[in-house]
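Notes follow once the structure below has been shown.
The values are calculated or read from the model by the stated rules, or taken from the named source; none is laboratory data. Please read these numbers as outputs of a predicted model, since none were measured by experiment. Note: ideal-geometry Cβ built from the backbone for every residue, glycine included; neighbour counts use all protein chains shown.
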Amino acid sequence: MYNHHLALKAKMTDFAGFEMPLQYNGIVKEHLAVREGVGLFDLSHMGEFWISGSGAEAFLQRMTTNDVSVLDVGQAQYTALCYDNGGIVDDGVLYKLESSYLFVINASNIEKDFDWLKDHLVENVELNNLSDDYSLIAIQGPKAREVLLKVINNKQTVEQLPFYHCIETEVAGVDFLLARTGYTGELGYELYIKGEGAEIVWEVLWSAGQEYDIAAVGLGARDTLRLEMKYCLFGNDIDETTNTIESGLAWITKLDKGDFIGREALVQIKSNGPSRRLVPFKMSERGIPRHGYAILKNNSKVGEVTSGTHSPSLKVGIGLGFVDVPFHNIGSEITIEMRSKSIPAQIVKPPFWKNGTLMS
């Protein structure tokens, strides 16, 4: 879809070996289009692994933190891969399909994740990296369903598709997996398209969305949208030096499901209590927090910013950061060190954006 991005005058950037659209008409405009109407994303850089065989469920149960056994065909779950010490290899979404599992992971980690899974492969499990075979288009926003219903045949099924479920369907003769998932906090869908046909689907959705002022959305607004929801970004908020307990991901860490890689360490961390927590904070005065900025309490460093931006929805600086446990409570006053200035901020209850249409 590279030529489509150029035609829309996208500002392109290198990202994980891909030329990706950073923005088209401005990050704020694209962000607000998703919050108020509908946006179209090219996410074809994401990685797609297919895991099949009679041992697939047991294999994934050992490799991931969430409980794979609760998934029915057509369901998905957010999960993570961990090292033995509890550090995070990657996070991703796992889909259970009719005869296999689809594991969608971050573009920058495709090779690392594949090697990690391959190194632990057991009999009766087949692992395939089909990242280069698949394109991924996301349509997100309060009007996303209305646009889809204009172009899709099985309208009733799509209309009733629950959050974190998926179905096989088609648009304009192109077959794909349609998932009601996303990274924005709004009603939305992700379309996994194998081989040719992604351009056709993009064009059909783009055309159908014109009456709703559909916007093409780049990586810049994708980041501000996810941050307003306190969705973690691998490489910023989580990585091999962090664990799911301190990162607010205990809810995808099923310590009682049986053994999995990292469980022993995570049980210990939960038992002892983590020494720090990933917290959302809002600036009390003008200022934009950035990755790496120090978080202070009483002029002493108690943490560090992992992600930060100016929230287009709330029109204020927001961020995430790890803070030492004694100072992590909601309502706590902190300061962010910005270029030798200390700007006041407050730890708040997530998410920042509370008016999303995610569950509509």
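Observations on the structure shown:
- Residue check for Ala33: out of contact with any Ser or Thr (no Cβ under 8 Å at 6 or more places or on another chain), surrounded by fewer than 22 Cβ atoms within 10 Å (Cβ to Cβ) and assigned to a helix (DSSP H, G or I): no
- Checking the stretch 305-320 against the condition returns no match, with no residue being assigned by TED's automatic domain parsing to the domain that holds Glu337, farther than 25 Å from Arg222 by Cβ, aliphatic (A, V, I, L, M) and buried (at least 17 other Cβ atoms within 10 Å of the Cβ).
- In the stretch 41-55, residue surrounded by the most Cβ atoms within 10 Å (Cβ to Cβ) [restricted to those that are closer than 30 Å to Glu146 by Cβ and out of contact with any helix residue (DSSP H, G or I) (no Cβ under 6 Å at 6 or more places or on another chain)]: Phe41
- The residue pairs whose first member lies in the stretch 127-143 and is touching a residue at least 60 places away in the same chain (Cβ under 8 Å), whose second member is acidic (Asp, Glu), and whose beta carbons are closer than 6 Å, counting only pairs six or more residues apart or on different chains, are Leu130/Glu48; Ser131/Glu48; Tyr134/Glu48; Ala138/Glu190; Gln140/Glu186; Gly141/Glu186.
- The stretch 64-103, subset in a strand (DSSP E or B), in contact (Cβ under 8 Å) with a residue 60 or more places away in the chain and hydrophobic (A, V, I, L, M, F, W, C), residue surrounded by the fewest Cβ atoms within 10 Å (Cβ to Cβ): Val93
Conditions (1) within 24 Å of Ile105 (Cα to Cα); (2) more than 20 Å from the chain's Cα centre (by Cα); (3) loosely packed, with under 14 Cβ neighbours inside 10 Å, marked per residue:
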residue	(1), (2), (3)
Asn124	yes, yes, yes
Ser131	yes, no, no
Val147	no, yes, no
Thr157	no, yes, yes
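- Any hit, the stretch 315-337, residues being basic (Lys, Arg), free of Cβ contacts under 8 Å to residues at least 40 places away in the same chain and part of a strand (DSSP E or B): no
- Some residue of the stretch 18-31 being among the polar types (S, T, N, Q) and at pLDDT below 95: no
- Here Glu57, Glu30 are screened, and the one residue that is over 18 Å from Glu190 (Cβ atoms) and of a type in the set (Asp, Glu) is Glu57.
- Looking only at the stretch 187-219, and only at residues there that are among the small types (Gly, Ala, Ser) and in a helix (DSSP H, G or I), the one that is surrounded by the most Cβ atoms within 10 Å (Cβ to Cβ): Ala198
- Test: residue in the stretch 56-63 that is surrounded by fewer than 19 Cβ atoms within 10 Å (Cβ to Cβ) and under 20 Å from the mean Cα position of the chain (by Cα): no
Residues are listed down the side, and each one gets a yes or a no for (1) farther than 20 Å from Pro350 by Cα; (2) outside any loop (DSSP other than H, G, I, E, B):
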site: Leu255; (1), (2): yes, no
site: Val267; (1), (2): yes, yes
site: Lys270; (1), (2): yes, yes
site: Arg277; (1), (2): no, yes
site: Pro280; (1), (2): no, yes
site: Arg286; (1), (2): yes, no
site: Ile295; (1), (2): no, yes
site: Ser307; (1), (2): no, yes
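- Condition met for Asn106 (within 17 Å of Phe15 (Cβ to Cβ), assigned by TED's automatic domain parsing to the domain that holds Leu205 and among the polar types (S, T, N, Q)): yes
- Number of residues in the stretch 220-265 that are surrounded by fewer than 21 Cβ atoms within 10 Å (Cβ to Cβ), in contact (Cβ under 8 Å) with a residue 40 or more places away in the chain and hydrophobic (A, V, I, L, M, F, W, C) equals 6.
- Applying the criterion of being touching a residue at least 60 places away in the same chain (Cβ under 8 Å) and aliphatic (A, V, I, L, M) to the residues of the stretch 266-298, the residue that is farthest from Ser340 (Cα to Cα) is Leu266.
- Of everything listed in (1) assigned to a strand (DSSP E or B); (2) touching a strand residue (DSSP E or B) at 6+ places or on another chain (Cβ under 6 Å); (3) in contact (Cβ under 8 Å) with a residue 60 or more places away in the chain, the single unmet condition for Phe352 is (1).
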